[in-house]
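Engineer: Handing you a structure now.
The values are calculated or read from the model by the stated rules, or taken from the named source; none is laboratory data. No experiment lies behind these values; they were computed from the predicted model shown. Each accessible area value is taken on the protein alone, full model and side chains, heavy atoms only, with ligands, DNA and RNA left out. Shrake-Rupley method; radii C 1.70, N 1.55, O 1.52, S 1.80 Å.
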Amino acid sequence: MHEHPHHHSVYTYQDDKFVVADTRAWEAWPPRPRGKLVARFTGTVVLMPFWIVFAVAVFCATLAIGLLTEVIAAVSSSYEKGFDRFMDRALGRVTTLPGWCVGWSEMRHEGDAAHYRARVDGHLARWTARASAERRPGKPLPPVECEIPRRVYRGVGGHYVVRAAATQGWELRPSDPDTSIRLWWSAASAPGGPPAGAAHPA
């Protein structure tokens, strides 16, 4: 059961287009009891060494498959695209801690809305800097999507993420606010993609 059951998805599709109805219901979660935070923090500390070993193992396995992919990709470009999507999902899962985990910052600032606003703003600023970076020949293209995990906005709610992201040029994509908020860099939708080195005005 979710800790905040009224966090429901409020988006629809009309004429094959994504439409946001209202995100004001995506409110902050209530502060958790101190004892519960300490127990989860202790569990997180115990889990971390095993999680790191697991993440390294998955990364090494992905790298090995990637080398094989280089050979297969010379024959099939669709295989390469499919593997890239698989790798992004696999690495994303192992580099993101389970939702029940509690870090030192969370335990110290539980219920501090100002701290969480600054935390969200910092995440968005970093993603915006990456998305608006200048395109360089031979280098990977800037990211056009990002995902903000719940632990980042827990104290202010997903609605704050959506509003703050919009001022920096991000659009909401289908998201489950109980897990994460997915965003799309709107400049990438322009003909020819975002201009080189151009940052979206804040």
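Engineer: Give the residue that is farthest from P98 (Cα to Cα), with candidates limited to residues of region 147-184 that are among the acidic types (D, E) and open to solvent by 20 Å² or more (accessible area, probe 1.4 Å).
Structural biologist: Going residue by residue through region 147-184, those that are among the acidic types (D, E) are 147, 171, 176, 178.
Retained after the next criterion (residues that are open to solvent by 20 Å² or more (accessible area, probe 1.4 Å)): 147, 171, 176.
Values: E147: 15, E171: 26, D176: 15 Å.
Among them, the one singled out is E171.
Engineer: Next question. Somewhere in region 137-144, is a residue farther than 21 Å from D176 by Cα, assigned to a loop (DSSP other than H, G, I, E, B) and either among the hydroxyl-bearing types (S, T, Y) or within 11 Å of the chain's Cα centre (by Cα) (or both)?
Structural biologist: no
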